[in-house]
Amino acid sequence: MKIYLVGGAVRDQLLHEPFHERDWVVVGGTPDELLKQGYQQVGRDFPVFLHPKTKEEYALARTERKAGDGYYGFVCDFNPNVTLEEDLSRRDLTINAMAMDDDGHVIDPYGGQRDLAAKQLKHVSAAFTEDPVRVLRVARFAARYYRLGFVVADETHVLMYKMVQQGELAHLVPERVWQEWQKSLCGYHPEIFIKVLETCGALASVLSELSAGMDSKALVAASKISHDPVVRFSALLHALSQARIEALCQRLRIPNEYQQLAVLAAQFSNKILNLAHLSAEDIVTTLEHVDPFRRYVRYEALLRVCEARTMAVFDKNVEYIARWKRVFECCHEINPRALIDEGYQGEQIKHKLHERRVMAVQSLINNWIKHEA
């Protein structure tokens, strides 16, 4: 039985990039052997084991045979005779199909080091077309390593295009689409994920809702000012209707925090951008709908989305962001408890609170006008 480090940890070591997870492949081993050594089995269809101390994943070397549609349509063979080269051959890209032994020697049967040097994302074999998730993974890796100069190899791009044309992406599980997209949103260049999918024709298949008006420039700007994937997601989607955003989020089972901020951006970002043209009444009404009084962190995220929209057009920050924060502070200083002490009750409190907020914001506007005169 031999154990090798495989996949991303090998790739990123060779790229001198940081990595946080290590995956291992066991060649010539059996489930019983690993269980006797204290490993914990966590996989059923193809056995994966957790190391008794490090809890890192160890998978038995395996081959795969296409037997159905989609990500789960494979039959796996993990008998002890499966070689390391056979296991590596089932992987998506050559840069992910390398292994390293205990001495640090790299086993590279499919030219991964060559493609690292050439900065190419190239498929290992024609078996690439058997798994539609690989189209998304290529797009994610293209986004992740774009800053290093990596591009999708022409021949791989052709295969991705053919997979789209043959309807393979229709078999994608919604959770996997979101999983790959979300990972790209956390990286340096999430716009490249979208661009690669668009170029090979996959965007219309997996993210059709974006065709109604995504804003890639706002996504780029958001990536420069915020590491928050929720802000980046909302910057991309701000021009879509609430109905489209909700349909997309429900279809891909996207977490509520993403949907909520994106919907707020679609509803209110235009008003936020046009603060100078709003009356005190409009400003307070907008603020009360956004509700920073209970969800201030979300309010700040919404302002970030608006800032990204501005930077996408003018490539500069503007004063209105600070002014919207001052508007909140001004309204927040009005204590509802004081109204109760004054004798107001029920709906009277809500109406009086709104009225006093409008008065306070009007005073704020007057001061801005006075200083700008």
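Which pairs, out of LYS122/LYS217; LYS195/LYS217; LYS122/LYS195; LYS2/LYS36, put more than 20 Å between their alpha-carbon atoms?
LYS122/LYS217
Expressed as an acute angle from 0 to 90° and rounded to the nearest 10, what is the orientation of the C-alpha long axis of helix 242-252 relative to the principal long axis of the chain?
Orientation of helix 242-252: about 30 degrees from the principal axis.
Give me ASP291, ASP92 sorted ascending by neighbouring Cβ count inside 10 Å, so fewest comes first.
The order, fewest Cβ neighbours first, is ASP291, ASP92.
For segment 247-373, list log₁₀ I(q)/I(0) at each q in 0.13 Å⁻¹, using the Debye formula over Cα point scatterers of equal strength and ignoring solvent, two decimals each.
-0.61
Work out the charge dipole of the chain with +1 on the Cβ of Lys and Arg and -1 on the Cβ of Asp and Glu about the Cα centre, then indicate which of VAL106, VAL305, VAL177 is farthest towards its positive end.
Of VAL106, VAL305, VAL177, it is VAL305.
Most exposed first by the Cβ proxy, i.e. fewest other Cβ within 10 Å, how do PHE233, PHE19 rank?
PHE19, PHE233
Take segment 309-373, drop everything but the C-alpha atoms, weight them equally and run the Debye formula without solvent; then report log10 I(q)/I(0) at 0.26, 0.27 Å⁻¹ to two decimals.
After summing over all Cα pairs, the log10 values are -1.07, -1.10.
If each residue of separation counts as 0.36 nm, what is the full-extension length gain between ASP12 and GLN166 once their alpha-carbon separation is subtracted?
This chain segment gains 52.1 nm when fully extended.
With +1 on the Cβ of every Lys and Arg and -1 on the Cβ of every Asp and Glu, and nothing else charged, how large is the dipole of segment 1-150 about its Cα centre, in debye rounded to the nearest 20?
500
Gap in Å between the Cα centre of segment 1-58 and the Cα centre of segment 160-175?
The distance from the Cα centre of segment 160-175 to that of segment 1-58 comes to 30 Å.
Apply 1/(1 + (r/R0)^6) to the Cβ-Cβ distance of ARG323 and ARG114, taking R0 = 51 Å, and write down the FRET efficiency to the nearest 0.05.
0.40
What percent does the relative contact order of the chain come to when contacts are Cα pairs within less than 8 Å and at least six residues apart?
Reported relative contact order: 10 percent.
Fewest to most neighbouring Cβ within 10 Å: what's the order for THR83, THR156?
Taking fewest neighbouring Cβ atoms as first place, the list is THR83, THR156.
Calculate, in nm to one decimal, what ARG147 and MET359 gain on full extension: separation in residues at 0.36 nm each, minus their alpha carbon distance.
71.3 nm
Using the Karplus curve 6.51 cos²θ - 1.76 cosθ + 1.60 with θ = phi - 60°, work out ³J(HN,Hα) for each residue of segment 10-22 in order, rounded to whole Hz, and write x for Gly and Pro.
Calculated HN-Hα couplings, in order: 5, 4, 6, 4, 5, 8, 6, 9, x, 9, 10, 10, 10 Hz.
Rounded to a whole number of µm²/s, how large is the Stokes-Einstein D of the chain at 37 °C and 0.692 mPa s, given Rh as the Kirkwood radius over C-alpha pairs?
D, rounded to a whole number, is 137 µm²/s.
Contour minus end-to-end for HIS371 and ILE3, with contour as 0.36 nm per residue of separation and end-to-end as the Cα-Cα distance?
This chain segment gains 125.3 nm when fully extended.
Please find, in a Gaussian network model of the chain (springs between Cα atoms separated by less than 10 Å), the residue of GLN250, GLN166, GLN37 whose mean-square fluctuation is greatest.
GLN37
Set the Förster radius R0 to 25 Å, insert the Cβ-Cβ distance between THR30 and GLU85 as r into 1/(1 + (r/R0)^6), and round the FRET efficiency to 0.05.
My answer for the efficiency is 0.80.
Quick check: the angle from helix 296-314's long axis to the longest principal axis of the chain, C-alpha only, nearest 10 degrees?
With both axes taken from Cα atoms, the answer is about 80 degrees.
Counting only the backbone N, which residues of segment 236-280 are under 20 Å from the spot 7 Å out from the Cα of VAL297 toward its beta-carbon?
254-265
Need one number: nm distance between label points at HIS105 and LYS55, each 7 Å from Cα along Cα→Cβ, rounded to one decimal.
3.4
If the elastic network links every pair of Cα atoms under 10 Å, which of LYS195, LYS36, LYS162 fluctuates the most in the Gaussian network model of the chain?
Looking only at LYS195, LYS36, LYS162, the largest GNM fluctuation is found for LYS36.
Taking the Cα centre of segment 247-373 as origin, work out the dipole magnitude from +1 charges on Lys and Arg Cβ and -1 charges on Asp and Glu Cβ, in debye rounded to 20.
With only Lys, Arg, Asp and Glu charged at Cβ, the dipole is about 380 debye.
Readers should treat all values here as calculations from the given coordinates under stated rules, not as data from a laboratory. Just so you know, these numbers come straight off a predicted model, no measurement behind them. All Cβ positions, even for glycine, are placed from backbone atoms using ideal geometry, and neighbour counts span all protein chains on display.
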